[in-house]
Structure formats: structure tokens, C-alpha cells
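The values are calculated or read from the model by the stated rules, or taken from the named source; none is laboratory data. Since the model is a prediction, treat every value here as computed from it, not as a measurement. Reconstructed Cβ throughout: ideal geometry from the backbone, glycine too, with neighbour counts over all protein chains shown. Accessible surface is based on the protein model in full, side chains and every heavy atom, while ligands, DNA and RNA are left aside. Shrake-Rupley method; radii C 1.70, N 1.55, O 1.52, S 1.80 Å.
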Amino acid sequence: MNNVLLLLVVTGAGVAVWAAQRRVATPAAPPPINRAKDSVLPVQARAPKVTGIKSIDSALEGVSNMVQGFAPRGIRNHNPGNIRKGRDAWQGAVGDDGEYLIFSEPKWGIRAIKKILNTYRRAYGLTTIHGIISRWAPDTENDTSSYVQHVADLLGVPPTAHLDENRDPDLIAAIILHENGEQPYSPAQILEGVALAG
């Protein structure tokens, strides 16, 4: 464990600065991948939790929305698939950041991922991780082969194997993890977005 200086700046009517010397727990290894047929991959990433004085934990919880600004762009924008702005009018979209859509809530960004996956399957016949990810993240702007292999490893299937649509919640969780370096959504949140896609 390392000693760190934790400095939180709380804004509002005034500015208060709070600093404390704390020990930060080393993040635990990610949970093992659950390859059950209908379950969402438990690929949630969590920030290290400050332990110790109860008031520190309370203060951290109280500013969680404020430190959202330090989250990856896709998480900040509630667009965990990093879907670029375009001509489509997406349900739940409230604008863009100049390049990527911004959704009002994560469920709408997750819904958008599922809608795109539905189009890939139905309009283009893409049913493998290789086919889906190659279209999602073309090699003109991504290391597509690494992306494909990472998702295949997370799902525990070969990149060219047929992937049933009932695995889409797992695929969405893997896309979110690869796109953002973290996957902060619960299985219930992912399933809610999937359900909204119809």
C-alpha cells in the first residue's frame, strides 16, 4: 500500500479544500469471467477505495459526481461505446462533445450499443466477434486485431465463432471495457439498456 495525499476540492456556494494523508488499498484482481450462457460478464472495474476514518469515505461518496470529470470520455458522456455523432437521432441523446454523442443516462448509451449490434446482425449478417468488432472499430482508426482478441478472450470464444444474440449483454460489457479501460455498470444496468433496444 502506498501513502498518498488525497486532495478534494468541493465547489458550490464556496470552495472548501480538504486534504488527508491516507492509505489507499491496492485494487483487487478482477473477478473471474462468468461464462454462463445468459449472464453479463462481471468485468466491472472499480477505483481503489479509501479506507479508514468513516468521514473520509462519506466525503468521497459525496463528491462522486464531481469527480465524474476524471472518468473516461465515454463514461462521462454516458456513451460507453464511444458512438460518434452523426445523422441519426438517438433516443436519450442530449447533444455531443464535438465528436461523440452525449446521452442523458448510461442506459441510453448502452441501448445505442445494442441497437447498433442489432443492425450489424440483421442488415449485415455479422455474427462473429471478428465481424462485429471489425465493423465497430475499423482498422483505419483502431488496432482492430487486438480489440477482437481482447473481446474474444473476455467472452471465452474464438473470434470467428458464431456468437448468439443472447450473449449481447456480455459483448456490450466487453466493448465498454475495451473502449473505456473500465466497465463501471452493473449487470442490471446493462440489461436495462438492452431491454430498451427492443
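How much length is gained on full extension from Arg76 to Ala89, taking 0.36 nm per residue of separation minus their Cα-Cα distance?
2.7 nm
Roll a 1.4 Å probe over the protein chains and send me the accessible area per residue for the stretch 151-198 in Å².
Using a 1.4 Å probe on heavy atoms only, each residue of the stretch 151-198 averages 38 Å².
Between Asp96 and Ser146, what is the label-to-label distance in nm when each label sits 7 Å out along the Cα-to-Cβ direction?
Those two pseudo-labels are separated by 2.6 nm.
Would you mind classifying the stretch 61-198 by shape? Square roots of the alpha carbon gyration tensor eigenvalues, ordered a ≥ b ≥ c; an a/c under 1.5 is rounded, otherwise it is prolate if a/b is larger than b/c and oblate if not.
Since a/c reaches 1.5 and a/b is larger than b/c, the shape of the stretch 61-198 is classed as prolate.
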